[in-house]
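The values are calculated or read from the model by the stated rules, or taken from the named source; none is laboratory data. Since the structure is predicted, the reported quantities are computational estimates derived from the model, not experimental observations. Neighbour counts run over all protein chains shown; Cβ positions are idealised from the backbone, glycine included. Quick note on the areas: whole protein, heavy atoms, side chains included, nothing else; ligands and nucleic acids left out. Shrake-Rupley method; radii C 1.70, N 1.55, O 1.52, S 1.80 Å.
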Amino acid sequence: MTAEFEHLVAEFERFRAGVRNADDRFAGLGAMRQQLTELRASAASPDGGVTVVTGPGGAVLDVKFTEAALAKGPQALSATLLATLREAVGEAARRQAVLVEEHMGDDLGLVDQVLETQAVAFGTTVEELRSKLPAEPPPAEDFSEQRVLRPADPPPAPPSAGPSAGDRFLKNLFDEED
């Protein structure tokens, strides 16, 4: 094999590795979508009289009342229901943010943004809401700093004296100045 051919094979292998990385990342998006579809969050009132189950986007999936909750009267039941709904919807939003951040990376600080917004809206602290987050999962593989179709480093120069047709092709293919 000539040095130029070996150089072309190496460049092609880098290109294929980039395509595999892109495939892996897109496969992760399908998993994230599935997890978001299956997401459920539940909250119960402090006395256990009202329970609310929410799904993706905070959609209310179920509401349950005990006889004791119904006996409290309309105003008390309404206040308890609203507080429990708020907690369940907030939990769903926090879980969604965690899922998206696990799959897409922490570049946007999505979880922190959700926690800060909810702290203001619910009159609590970010630390209190953070304590309600699920335990830290193992870190997902991070592709955010990897190039997908172009290598991070320029290809090494071939050993020949002048640029060949193959070198010009690869330079155009991997040229960052497109």
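Okay, here's what the table says:
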{"read-out": "Residues (among the acidic types (Asp, Glu), assigned to a helix (DSSP H, G or I) and either farther than 12 Å from LEU129 by Cβ or modelled with pLDDT of 95 or more (or both)) located in region 69-114", "value": "GLU101, GLU102"}
{"read-out": "Enumeration of residues in region 99-120 that are loosely packed, with under 14 Cβ neighbours inside 10 Å and small (Gly, Ala, Ser)", "value": "GLY109"}
{"read-out": "Test: VAL53 is closer than 23 Å to LEU129 by Cα, at pLDDT 95 or above, open to solvent by 50 Å² or more (accessible area, probe 1.4 Å) and in a strand (DSSP E or B)", "value": "no"}
{"read-out": "All positions within region 52-66 that are under 23 Å from LEU99 (Cβ atoms) and among the hydroxyl-bearing types (Ser, Thr, Tyr)", "value": "THR54"}
